[in-house]
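Asks: Before I ask anything, let me first share the structure, which is written out below as structure tokens.
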Amino acid sequence: MPRRLAPRALVDHTTQAAARPANESPSRSRKLAGVSVSSWAGVPGLLDFHLGNAPKEFLVPSIQPQTLMERLGAGLLRLIGWRLVLVPLPPKCVVMIYPHTSNWDFIVGMFARWAGGLRAFWAGKDTLFRWPVAGLLKKLGGIPVNRRIRTGFTAQMLAEFASREELLLVIAPEGTRQRTEYLRSGFYHLALAAKVPLGLAFFDYERKEVGIGAYIELLGDQAKDLATITAFYADKTACRPEKAGALRFRPSEEA
């Protein structure tokens with residue numbers, strides 16, 4: 001079992017901003033008011049992407065919100081007493097959201113998405129993407145998936161990763177707000193097949209923190225990967241802790 005470590009102290013962004021090249025993309029150089037930037041170093045499998053040594057293309061948003069939507073999201077999070085925690089984002093990744101036990105998760109999550117300026121995407125049944133809501137769902141990050149064809153979810157999402165320069169795909173592996181004994185393993189197999197990091201997004205109702213706290217470079221060894229995931233989420237408190245699902249796969253889905 002990987003050793004459980006606390007997040008690093010926050011990094012001073014001032015020198016990073018001063019050293020930033022003039023031609024660097026503004027979307028990569030913003031930092032958000034009230035956003036904590038931390039990383040989980042020392043836990044096997046966790047990528048060390050804190051600002052002090054992250055590649056330029058992985059820099060998180062800046063200390064001041066740039067757009068009206070970011071200001072709105074940051075303000076709403078402050079209003080309800082929550083804090084956004086982010087590590088620098090890779091261009092492509094699968095992000096698992098855990099624990100997901102309440103409808104409040106959606107509200108807090110949307111505020112966090114706005115505040116962080118995150119272009120997060122999610123997959124849904126193509127039958128949902130019909131007039132008059134199809135345009136709205138796509139604008140909200142929805143990607144229609146035809147589950148009736150034999151290629152299935154993973155193959156269709158692999159095509160999306162191959163066709164895009166950037167893709168942050170969010171998946172809730174519990175698949176329900178009720179207690180479940182097993183996670184759906186599609187997120188895990190997709191990250192492996194796409195050869196992208198797995199982001200660990202969380203809701204912590206005890207600390208009132210929400211965000212993406214780390215990225216895992218999956219080993220393909222389910223026991224070790226799940227141990228790393230479990231170590232990260234060990235101190236995260238769900239809205240309804242008794243409904244948080246077990247962090248394991250069905251035996252039939254194990255390698």
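Asks: Would you confirm whether or not the stretch 176-193 contains a residue that is under 20 Å from VAL87 (Cβ atoms), of a type outside the set (D, E, K, R) and modelled with pLDDT under 90?
Replies: Taking every residue of the stretch 176-193 in turn, none turns out to be under 20 Å from VAL87 (Cβ atoms), of a type outside the set (D, E, K, R) and modelled with pLDDT under 90.
Asks: Quick one: in the stretch 179-201, of everything that is in contact with a Lys or Arg (Cβ under 6 Å, 6 or more places away or on another chain) and over 19 Å from ILE143 (Cβ atoms), which residue is surrounded by the fewest Cβ atoms within 10 Å (Cβ to Cβ)?
Replies: The extreme case among them is ARG179.
Asks: Same structure, new question: Being within 26 Å of ALA159 (Cα to Cα), among the basic types (Lys, Arg) and in contact with a strand residue (DSSP E or B) (Cβ under 9 Å, 6 or more places away or on another chain) is the filter here; which residues of the stretch 76-133 pass it?
Replies: Of everything in the stretch 76-133, those that are within 26 Å of ALA159 (Cα to Cα), among the basic types (Lys, Arg) and in contact with a strand residue (DSSP E or B) (Cβ under 9 Å, 6 or more places away or on another chain) turn out to be LYS92, ARG113, ARG119, LYS125.
Asks: Condition test on ALA172, is it farther than 24 Å from GLY213 by Cα and of a type in the set (Gly, Ala, Ser)?
Replies: In short, no.
Asks: Any idea which of ALA214, ALA234, ALA246 is touching a residue at least 40 places away in the same chain (Cβ under 8 Å), touching a Phe, Trp or Tyr at 6+ places or on another chain (Cβ under 7 Å) and either among the acidic types (Asp, Glu) or surrounded by fewer than 15 Cβ atoms within 10 Å (Cβ to Cβ) (or both)?
Replies: One residue alone meets the criteria, ALA246.
Asks: Taking the stretch 217-231, which residues are surrounded by fewer than 20 Cβ atoms within 10 Å (Cβ to Cβ) and touching a Lys or Arg at 6+ places or on another chain (Cβ under 7 Å)?
Replies: LEU226, the sole residue that qualifies.
Asks: Let me ask another. Have a look at VAL170, VAL196 and point out the one that is under 25 Å from ASN103 (Cβ atoms) and modelled with pLDDT of 90 or more.
Replies: VAL170
Asks: Among the residues of the stretch 146-166, is any closer than 25 Å to LEU84 by Cα and touching a strand residue (DSSP E or B) at 6+ places or on another chain (Cβ under 7 Å)?
Replies: yes
Asks: Looking only at the stretch 225-251, which residues are part of a helix (DSSP H, G or I), over 18 Å from HIS189 (Cβ atoms) and hydroxyl-bearing (Ser, Thr, Tyr)?
Replies: THR230, TYR233
Asks: On to the next question. Got a number for residues in the stretch 127-141 being surrounded by 15 or more Cβ atoms within 10 Å (Cβ to Cβ) and at pLDDT below 85?
Replies: Qualifying residue count for the region: 0.
Asks: Follow-up question, since we're still on this one. What single numbered condition from (1) under 29 Å from ALA115 (Cβ atoms); (2) more than 16 Å from the chain's Cα centre (by Cα) fails to hold for GLU181?
Replies: (1)
Asks: Does ARG130 meet the test of being of a type in the set (Lys, Arg), more than 20 Å from ALA246 (Cα to Cα) and in contact (Cβ under 8 Å) with a residue 12 or more places away in the chain?
Replies: When the stated conditions are applied, ARG130 does not pass them.
Asks: Can you tell me which residue among ILE229, ILE212 is farther than 26 Å from ARG78 by Cα and within 18 Å of the chain's Cα centre (by Cα)?
Replies: Step by step, each of ILE229, ILE212 is checked, and only ILE229 is farther than 26 Å from ARG78 by Cα and within 18 Å of the chain's Cα centre (by Cα).
The values are calculated or read from the model by the stated rules, or taken from the named source; none is laboratory data. Since the model is a prediction, treat every value here as computed from it, not as a measurement. For neighbour counting, all protein chains shown are included, and Cβ atoms are generated from backbone atoms with ideal geometry for every residue, glycine included.
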